[in-house]
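Below is one structure, written out as structure tokens, with a few remarks after it.
The values are calculated or read from the model by the stated rules, or taken from the named source; none is laboratory data. Note that the structure is a prediction, hence the values are computed from the model and not measured. Here the Cβ is made from the backbone with ideal geometry for all residues, glycine too, and neighbour counts use every protein chain on show. Side chains included, ligands, DNA and RNA excluded: accessible areas come from the protein's heavy atoms. Shrake-Rupley method; radii C 1.70, N 1.55, O 1.52, S 1.80 Å.
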Amino acid sequence: MNVVAPLRDRAIRPGRDALRVLAASGQLGNGIAVTAFRAGLARQPHVIGCDMGSVDPGPAYLGSGRMATSEAVTRRDLRLVIHGARDVGVPLIIGSAGTAGAAPHVALVLDMIGAIAREDSLPLRVAVIHADTDRAWLKQQVAAGRVQSLGRAMPALTAAEVDASAHIVGQMGTEAFLRALALEPDIVLAGRACDTAIFAAVPVMLGYPEGLATHMAKIIECSSLCCTPGGPDAMLGTLHADAFEIESMNPIRAATPVTVAAHGLYEQSNPHEVREPHGTLHLTDARFEALDHRRVRVSGARWADAAQPSIKLEGSSWCGERAVTIAATCDPGVIAHRDAIAEGVRGAVADILPDASYDLRVRVYGAGATNLYPGARTGITDAGEAFLLIECIAPTADLAKAVVGLAKQKMLHFGFPGRLSTGGNLAFPFTPPELSAGAAYRFSVYHVAECDDLAAAFPVELVRLGP
């Protein structure tokens, strides 16, 4: 069954027909709400989109090639949206596969889709868009001065950092999805992608205004987060030639002009501009109108093509093995002297392991955070409570655990002015208190690179799955 051709052949026409885009979930793999999703299917959408990842969970998933969501829940969500798209005969578009969208993430999700296709006897055409960045090309861009850091905390990129990164991905825009849709797939499975591109691609393919399509995509990509109360339920965007409408598929969630406009601030440093690889969405003239108590009509967004296309790059490098200890205290003396105690503990550990290479940190989180004695707010507990996280990153897991163990013991009995009891400064919720936390990663690449050939940066292949 060809699900793209009827759309591409203008069975849907801008200015005459409304185009319905269903966002199934804010992040596939976290458990799609079935009732709201089925309500969305009942509205006969023309395309179903799912964002599957983000940089938000941190560098570990990009570096390790693992997903942030459980495989069991991810398979459950994939099966739900695959069958939903088949039931209504529309394309399914998935972006930022497997959390971080690098080659191992895409391969893992593609394997899951293949298993579902075989188990459920579904022949599927899957257009796969790869997001892994060619390192030789990137080093050429660095040498040519065509790569800029994102944020003041990120240093200039070097060839050494490029080589040391476990994985580097670029964030693809709408252009890559348009090339994938030209292959007439049932499913588009993309590596790291701009959230908006997932939901704007089909409207742009059909000729709807790119400004409106991208603005609608910006709002619905987090599903019903733009509502009050916000939540993960499916969200329907209905696009016209001059405006679009927003409606949650859960009747308890209301989109209002304020909540929808406020979502334009989400993940943006400038509320009036959203930058994409091939252009910029301008929202200065955007207008938000309540259609009723839970639906909003939006108009006025403009699109401007970029004079120079660029790609946001994300890379992650291994920086050691991590071990932690967590503890709590309600001793007002410990809390008052926490900085001096932490410094003294670091010195004591360094005296024992003078030649070892490691990074030991003590983080103290504020009063009332631990609730050590529920219901007992008298006496010493009135001074407050504090939660302590002792963390070590070292070249080996054994060394990291040893350092944390030493720090735990030194801090447990560390002396401070005015101390009365020598029995212990801390309480530990677990035994053993030293916990190995696995490999640690850091963002080594968080930059923007100019790109003259987006198609080369994000190659597409068609894969056939199922019986």
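Among the residues of segment 343-354, how many are open to solvent by 60 Å² or more (accessible area, probe 1.4 Å) and either touching a residue at least 40 places away in the same chain (Cβ under 8 Å) or not in a loop (DSSP other than H, G, I, E, B) (or both)?
Matching residues across segment 343-354 total 4.
Anything in segment 204-253 that is hydrophobic (A, V, I, L, M, F, W, C) and free of Cβ contacts under 8 Å to residues at least 60 places away in the same chain? List them, or say none.
Selection gives Val204, Ala213, Cys226, Ala243, Phe244, Ile246, Ile252.
Among the candidates Ser317, Ser357, single out the residue that is open to solvent by less than 70 Å² (accessible area, probe 1.4 Å) and at pLDDT 90 or above.
One residue alone meets the criteria, Ser317.
Every residue in segment 320-337 that is in a strand (DSSP E or B) and open to solvent by less than 20 Å² (accessible area, probe 1.4 Å), please.
Within segment 320-337, Gly320, Ala323, Thr325, Ala327, Ala328, Thr329 meet the criteria.
Kindly provide the set of residues from segment 274-286 that are farther than 11 Å from Gly211 by Cα and under 22 Å from the mean Cα position of the chain (by Cα), ordered by number.
Arg275, Glu276, Pro277, His278
Report, by residue number, each residue of segment 384-407 that is farther than 30 Å from Val55 by Cβ and either in contact with a Gly (Cβ under 9 Å, 6 or more places away or on another chain) or at pLDDT below 95 (or both).
Gly384, Glu385, Ala386, listed by residue number.
Looking at (1) among the small types (Gly, Ala, Ser); (2) over 23 Å from Thr174 (Cβ atoms); (3) over 18 Å from the mean Cα position of the chain (by Cα), which one does Gly230 not meet, given that it meets all the others?
Every condition holds for Gly230 apart from (3).
Quick one: Leu178 ticks every box in (1) under 23 Å from Ala107 (Cα atoms); (2) open to solvent by less than 10 Å² (accessible area, probe 1.4 Å); (3) among the hydrophobic types (A, V, I, L, M, F, W, C) except a single one, so which number is it?
(2)
Where in segment 196-307 are the strands (runs of 3 or more DSSP E), entirely inside, with at least 3 residues that are open to solvent by less than 10 Å² (accessible area, probe 1.4 Å) and out of contact with any Gly (no Cβ under 6 Å at 6 or more places or on another chain)?
Because the criterion is at least 3 residues that are open to solvent by less than 10 Å² (accessible area, probe 1.4 Å) and out of contact with any Gly (no Cβ under 6 Å at 6 or more places or on another chain), the strands (runs of 3 or more DSSP E) in segment 196-307 that meet it are 235-239.
Out of the residues in segment 428-442 that are out of contact with any Lys or Arg (no Cβ under 9 Å at 6 or more places or on another chain) and at pLDDT 95 or above, which is nearest to Ala400 (Cα to Cα)?
Tyr441
Within segment 440-467, how many residues turn out to be assigned to a strand (DSSP E or B) and open to solvent by 20 Å² or more (accessible area, probe 1.4 Å)?
12
Of all the residues that make up segment 413-427, how many are in contact (Cβ under 8 Å) with a residue 40 or more places away in the chain, surrounded by 10 or more Cβ atoms within 10 Å (Cβ to Cβ) and either within 23 Å of Ala350 (Cβ to Cβ) or polar (S, T, N, Q) (or both)?
Total satisfying the criteria: 5.
Is one or more of the residues making up segment 71-82 open to solvent by 30 Å² or more (accessible area, probe 1.4 Å) and hydroxyl-bearing (Ser, Thr, Tyr)?
no
With a cut-off of at least 2 residues that are within 23 Å of Leu108 (Cβ to Cβ) and under 27 Å from the mean Cα position of the chain (by Cα), name the helices (runs of 4 or more DSSP H) lying wholly within segment 1-91.
Fully inside segment 1-91 and qualifying: 59-64, 71-88.
Would you mind telling me which numbered condition in (1) small (Gly, Ala, Ser); (2) surrounded by fewer than 18 Cβ atoms within 10 Å (Cβ to Cβ); (3) more than 24 Å from Phe414 (Cα to Cα); (4) in contact (Cβ under 8 Å) with a residue 24 or more places away in the chain Ala340 fails?
For Ala340, the exception is condition (3).
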